[in-house]
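Worksheet for the structure shown next.
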Amino acid sequence: MTADFAPLLSVQDLVVDYRLARKVRFRALKGVSISVGAGECVGLVGESGSGKSTLGRALLGLTPVESGRITFDGQDITHTRGAARRRLANDIQVVFQDPYGSLDPTMTVGEVLAQPLQVAGTTRAQARATVAEMLDRVRLPADSVHRYPSEFSGGQRQRIAIARALVRKPRLIVCDEPVSALDLTTQATILELFIDLQRETGVSYLFVSHDLGVVRRVCHRVSVMYHGEIVESGPTQTVTHEPSHPYTRRLLLAAPVADPARQAERRAAWLGLRDSA
Ligand SMILES: Nc1ncnc2c1ncn2[C@@H]1O[C@H](COP(=O)(O)OP(=O)(O)O)[C@@H](O)[C@H]1O
Ligand SMILES: [Mg+2]
């Protein structure tokens, strides 16, 4: 942990198995350790299937843990379920990749945003005020409350999903590939929004992405996951520019660059690394 951030989330030696059939298990996380400080953005990168979403689900209590420990603000939440887990939703929220699938199309934006507050017992008047505040935070017009998710673009829908995550003023948001479904220009504006929101609210992010270029823009530190294990962790600058693990180097070289000549060079280097790994 960087000295500038007080500890908030700590994951130690986490093991998660999926049961595929009777007596057949697949070990998706093989002893993962990672930490996120208050106000810090920690990136989790790795190719598809490496276990990034599994870690996110374990933090949210959506998948059982075999062994290891998850501590949030000094409390062991590894096996927290039921009412205590629902209370934790005040502190730990999530934004998923797909802004289409994650918003109920039959609810207005006002209803989508007010729902988590009503669940938490907030009065109607207070909920209305908080919803207006959150729309303003994610730079959506106030009259969005009366409209339906289908009336918005992909980027705007992701703003709605971010506002919904923020509405209970959480301390940590698990962002699971939150810009991966967006075009490059929209990606850039949503990443700016994540950065601004962190500055304004002090919220922490565990920022999951398969794209090193994305985490480079928003994260203070980065961990690299490969086949259910963290193979490299460190300051973003170091991991994304001078990675020490061959897998991270391959990931870096696989990221597209704008210049076609450099792209060709990097492709040759990538093929070389792939063959030697
Ligand atoms: N519900 C599940 N049942 C069985 N295997 C799963 C399940 N969810 C994910 N997996 C497997 O666990 C591994 C990690 O998946 P996931 O955490 O989704 O990876 P990532 O988010 O990095 O793409 C993959 O091999 C995937 O096929
Ligand atoms: Mg995933």
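I'm trying to understand the selection: among the residues of region 199-238, which are under 13 Å from the mean Cα position of the chain (by Cα) and polar (S, T, N, Q)?
Kept after step one, since they are under 13 Å from the mean Cα position of the chain (by Cα), are these residues of region 199-238: 203-211, 214-215, 218-219, 222-223.
Matches in region 199-238: Ser204, Ser209, Ser223.
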* **Subset tally (residues that are buried (at least 20 other Cβ atoms within 10 Å of the Cβ), within 11 Å of ligand 1 (Cβ to nearest atom) and not in a helix (DSSP H, G or I)) for region 47-64** => 2
* Select from region 181-213 the residues that are more than 16 Å from ligand 1 (Cβ to nearest atom) and among the charged types (D, E, K, R) and write down the one among them that is farthest from Ser233 (Cα to Cα). => Asp183
* Report yes if some residue within region 27-46 is surrounded by fewer than 17 Cβ atoms within 10 Å (Cβ to Cβ), within 9 Å of ligand 1 (Cβ to nearest atom), touching a residue at least 12 places away in the same chain (Cβ under 8 Å) and hydroxyl-bearing (Ser, Thr, Tyr); otherwise report no. => no
* **Number of positions in region 79-105 that are touching a residue at least 60 places away in the same chain (Cβ under 8 Å) and in contact with a strand residue (DSSP E or B) (Cβ under 8 Å, 6 or more places away or on another chain)** => 7
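Give Gly51, Gly56, Gly31 a once-over and let me know the one that is at pLDDT 95 or above and more than 16 Å from ligand 2 (Cβ to nearest atom).
It is Gly31.
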* Asked: Among all residue pairs at least 6 apart or on different chains, which show Cβ distances below 9 Å where the first residue, located in region 245-258, is within 11 Å of Glu232 (Cβ to Cβ) and the second is aromatic (Phe, Trp, Tyr) and at pLDDT 90 or above?
  -> His245/Tyr226; Tyr247/Tyr226; Thr248/Tyr226; Leu251/Tyr226
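Looking only at strands (runs of 3 or more DSSP E) that lie completely in region 146-236, which have at least 2 residues being crowded, with 23+ Cβ neighbours inside 10 Å, within 16 Å of ligand 2 (Cβ to nearest atom) and in the same structural domain as Leu44 (by TED's automatic domain parsing)? Walk me through how you get there before you give the answer.
On the way: elements: 172-176, 204-209, 221-226, 229-235.
Per the criteria, 172-176, 204-209, 221-226.
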* To do: Considering each residue of region 1-18, count those that are of a type in the set (D, E, K, R) and modelled with pLDDT of 95 or more, and give that number.
  => 2
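Could you please give the count of residues in region 8-26 that are hydroxyl-bearing (Ser, Thr, Tyr) and surrounded by 14 or more Cβ atoms within 10 Å (Cβ to Cβ)? First the steps, then the outcome.
Kept after step one, since they are hydroxyl-bearing (Ser, Thr, Tyr), are these residues of region 8-26: 10, 18.
Adding the requirement that they be surrounded by 14 or more Cβ atoms within 10 Å (Cβ to Cβ) leaves 10.
The number of residues fulfilling the criteria is 1.
Select from region 91-105 the residues that are assigned to a loop (DSSP other than H, G, I, E, B) and either among the small types (Gly, Ala, Ser) or at pLDDT 95 or above (or both) and list them in ascending order. Let's see the steps before the verdict.
Looking only at region 91-105, we keep the residues that are assigned to a loop (DSSP other than H, G, I, E, B), and these are 91, 96-105.
Of everything in region 91-105, those that are assigned to a loop (DSSP other than H, G, I, E, B) and either among the small types (Gly, Ala, Ser) or at pLDDT 95 or above (or both) turn out to be Asp91, Gly101, Ser102.
Would you confirm whether or not region 117-138 contains a residue that is outside any loop (DSSP other than H, G, I, E, B), free of Cβ contacts under 8 Å to residues at least 60 places away in the same chain and touching a strand residue (DSSP E or B) at 6+ places or on another chain (Cβ under 8 Å)? Please lay out each step first, then the result.
Initial filter on region 117-138 (outside any loop (DSSP other than H, G, I, E, B)): 117-119, 124-137.
This time we only want the ones that are free of Cβ contacts under 8 Å to residues at least 60 places away in the same chain, so: 117-119, 124-136.
Pick out the ones that are also touching a strand residue (DSSP E or B) at 6+ places or on another chain (Cβ under 8 Å) and you get none.
Checked region 117-138: no residue is outside any loop (DSSP other than H, G, I, E, B), free of Cβ contacts under 8 Å to residues at least 60 places away in the same chain and touching a strand residue (DSSP E or B) at 6+ places or on another chain (Cβ under 8 Å).
Quick check, is Arg25 over 25 Å from Val218 (Cα atoms), in a strand (DSSP E or B) and not β-branched (Val, Ile, Thr)?
Values: over 25 Å from Val218 (Cα atoms): yes; in a strand (DSSP E or B): yes; not β-branched (Val, Ile, Thr): yes.
The answer is yes for Arg25.
The values are calculated or read from the model by the stated rules, or taken from the named source; none is laboratory data. What you are looking at is a predicted structure, and each value in this text was computed from that prediction instead of being measured. FYI the Cβ positions are ideal-geometry reconstructions off the backbone, even for glycines, and counts take in every protein chain you see.
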